[in-house]
Amino acid sequence: MTTAPQSKFSLTLPTQDNATPPNTLTVGEITSLAFVVGANTYTWPVPATEPVGATVTAPFASLTPPFVPVPGTAYTADVYAVDVNGNGLPSASVSWTQSAPVPAAPTGFTVA
């Protein structure tokens with residue numbers, strides 16, 4: 001079994017702010033996402049037409065700066081949404097070990 005290396009973050013955008021009581025966010029209010037991996041922060045612009053509560057995918061290569069994980073390395077990350085008022089609250093952290101691709105099976109293997 002081969003495992004493809006991880007290449008993207010997927011998450012669901014928030015639907016409310018952290019006010020008491022919370023306010024409902026509107027389309028276009030979230031401007032970007034910030035992914036914190038170790039001591040580094042990587043940003044990704046949220047399309048202005050993306051609905052609140054939508055599931056979005058941010059490819060590692062599309063982050064600023066691009067996130068280039070090292071195969072076999074363990075990482076911990078969290079993410080927060082950003083709007084005109086500043087940074088939102090961070091998500092729960094996720095941890096993973098970056099997978100590495102392995103060679104495909106040999107072909108043309110016979111016994112003569």
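Just so you know, all these numbers are worked out from the coordinates, no wet-lab data involved. Keep in mind that what you see is a predicted model, and the values were worked out from it rather than measured. Cβ: placed from backbone, ideal geometry, glycine included. Neighbour counts: every protein chain shown.
Annotations
- Contacts under 7 angstrom Cβ, first residue in the stretch 72-92 being without any contact (Cβ under 8 Å) to a residue 40 or more places away in the chain, partner assigned to a loop (DSSP other than H, G, I, E, B) and hydrophobic (A, V, I, L, M, F, W, C), 6 or more apart: G72/A100
- With respect to (1) more than 16 Å from L89 (Cα to Cα); (2) surrounded by 15 or more Cβ atoms within 10 Å (Cβ to Cβ), the lone exception for P59 is condition (2).
- Enumeration of residues in the stretch 82-112 that are outside any loop (DSSP other than H, G, I, E, B) and either touching a Ser or Thr at 6+ places or on another chain (Cβ under 8 Å) or on the phi > 0 side of the Ramachandran plot (or both): V82, D83, G86, V94, S95, T97
- Restricting attention to the stretch 26-42, the residues being under 10 Å from the mean Cα position of the chain (by Cα) and free of Cβ contacts under 8 Å to residues at least 24 places away in the same chain number 0.
- Some residue of the stretch 89-97 being of a type in the set (S, T, N, Q), closer than 17 Å to P5 by Cβ and surrounded by 10 or more Cβ atoms within 10 Å (Cβ to Cβ): yes
- Residue in the stretch 30-41 that is surrounded by the fewest Cβ atoms within 10 Å (Cβ to Cβ), counting only those that are more than 14 Å from V56 (Cβ to Cβ) and not aliphatic (A, V, I, L, M): G38
- Tally of residues being surrounded by fewer than 13 Cβ atoms within 10 Å (Cβ to Cβ), part of a strand (DSSP E or B) and hydrophobic (A, V, I, L, M, F, W, C) across the stretch 62-81: 1
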